[in-house]
1. Beyond 24 Å, how much of the Cα-Cα pair distribution for the stretch 166-283 remains, as a whole percent?
2. I'd like the Karplus ³J(HN,Hα) series for the stretch 40-48: coefficients 6.51, -1.76, 1.60, θ = phi - 60°, whole numbers in Hz, and an x wherever there's a Gly or Pro.
3. D for the stretch 231-365, whole µm²/s, Stokes-Einstein with Kirkwood Rh over alpha-carbon pairs at 4 °C and 1.567 mPa s: what number?
4. Quick one: what are the phi-derived ³J(HN,Hα) couplings along the stretch 195-206, Karplus 6.51/-1.76/1.60 with θ = phi - 60°, whole Hz, x for glycine and proline?
5. Just to compare against my own numbers: the Cα pair-distance distribution for the stretch 26-71, 10 Å bins, whole % per bin, please.
6. Starting from the amide H of D54, placed 1.01 Å from N in the peptide plane, find each other amide H under 5 Å away whose residue is 5 or more places distant or on another chain.
7. What residues qualify as long-range amide H neighbours of F20, i.e. H under 5 Å apart, gap of 5 or more or another chain, H built at 1.01 Å from N?
8. Which value, to two decimals, describes the C-alpha radius of gyration of the stretch 45-201 once divided by 2.2 N^0.38 Å?
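All of the numbers you see were taken from the coordinates with simple rules; none came from a lab. Quantities reported herein were computed from a predicted structural model and do not represent experimental measurements.
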Amino acid sequence: MRLISINAAKPGMIMGRAIFNESGHPLVQRHVKMTEGIIRRLKQMNIQYIYIEDEISKDIVVEETVPLELRAKAVSNIERSFRQMKGLNSRDAAFVLDKQSKKLNFLVDDLLKTIFSNNEMLTIITDTYLYDEALFQHSFNVTLYSLAIAKELGYPYEDLRTIGIGALLHDVGKMVLPLEILHKPGQLTDEEFAIMKLHTRYGFNILRNLHTVSLLVAHCALQHHERLDGSGYPRGLVDNEIHPYAKIIAVADVFDAVTSNRVYRDKMLPSEGIDLIESDSGTLFEKRVVDALIKSVVHYPNGTVLCLSDGRRGIVAKQNTKQSSRPYVRIFEENGMLLESTYLLNLEEFPQVEILRVDTEYLQP
């Protein structure tokens, strides 16, 4: 399978992965031959990248870390728990969450089992699943990223569970925001953004009243937008004033936000999101947390076409667990000439060869 931009999609191409709705039902099936109508529909659904099947990507497998069934169940549980709080005050919302806490803890345990049973780096394909409200998918993704980072940092299991619940509920305060602000398709005004920022305090007020989870979970909601240099909110905390769990969730939150679809902006590829966060390592985000993210997540997903500094072009065939940014690449082109037979290149063994760019619009001659 090969990853391409929807703008490069042409009628006759074969879909390599199905696209599902929030219930886990396919909207576009795998192996379907694309038509102008299907391409137009995908663009209307704000799909930016798709996987196709072709010769240069033959036998390349693309799999997410979390199986479809578990993902659908998890997002459904998050949605159900969050929606029950709509319109309630902080104390009543906390009462609702208390009743849901056992299910949420089981959800975190399921995700931890998945992460610990999989030695590969974390892969989440955000264009594969479509949800009416991004908040529920975002909460799931941030939980997964936070757990992967915390595992890489060596936290014990009970700490991982607390971090997981904190990540799962970090945006719960958004459920009491006005819908016209929460679901606004464009950029927020300064006044609207000031209201949006209140979700951290609202979340804290809800979560501190829970009897079934640690108070640290409330501080995760309160502090996940704080930054090391004091430029964050709501309190402008700096460095050691910010709880270590919140520092983890902050990185996971931003990484998912920039690598997921939004109506008002294009998503970044994972490598672009990592570069963005790494550029703020030590200033906005704690370096050890950023380093853990870099080691934990896939930079260049399988099926991604890369242009190399020595004139070669290849497609990521498998990941390199020793060095996440240097995958194994199936070389199919040298200096603009297609090769009669491809070969596998381990980029870790050739540090002088740089990855110039990801090519999501490559079309075979």
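1. Numbers: 1979 of 6903 pairs.
That tail contains 29 percent of the Cα-Cα pairs.
2. For the stretch 40-48, the Karplus-derived couplings read 4, 5, 4, 5, 5, 7, 6, 6, 9 Hz, x marking Gly and Pro.
3. Working: Rh = 16.7 Å.
Roughly 78 µm²/s, to the nearest whole number.
4. Running phi through 6.51 cos²θ - 1.76 cosθ + 1.60 with θ = phi - 60° gives 6, 4, 5, 5, 4, 5, 6, 4, x, 4, 5, 6 Hz.
5. 19, 46, 33, 2
6. For D54, the qualifying residues are R2.
7. Residues meeting the criterion, in which the H sits 1.01 Å from N, are L27, Y129, L130.
8. Scaled against compact globular proteins, the figure is 1.17.
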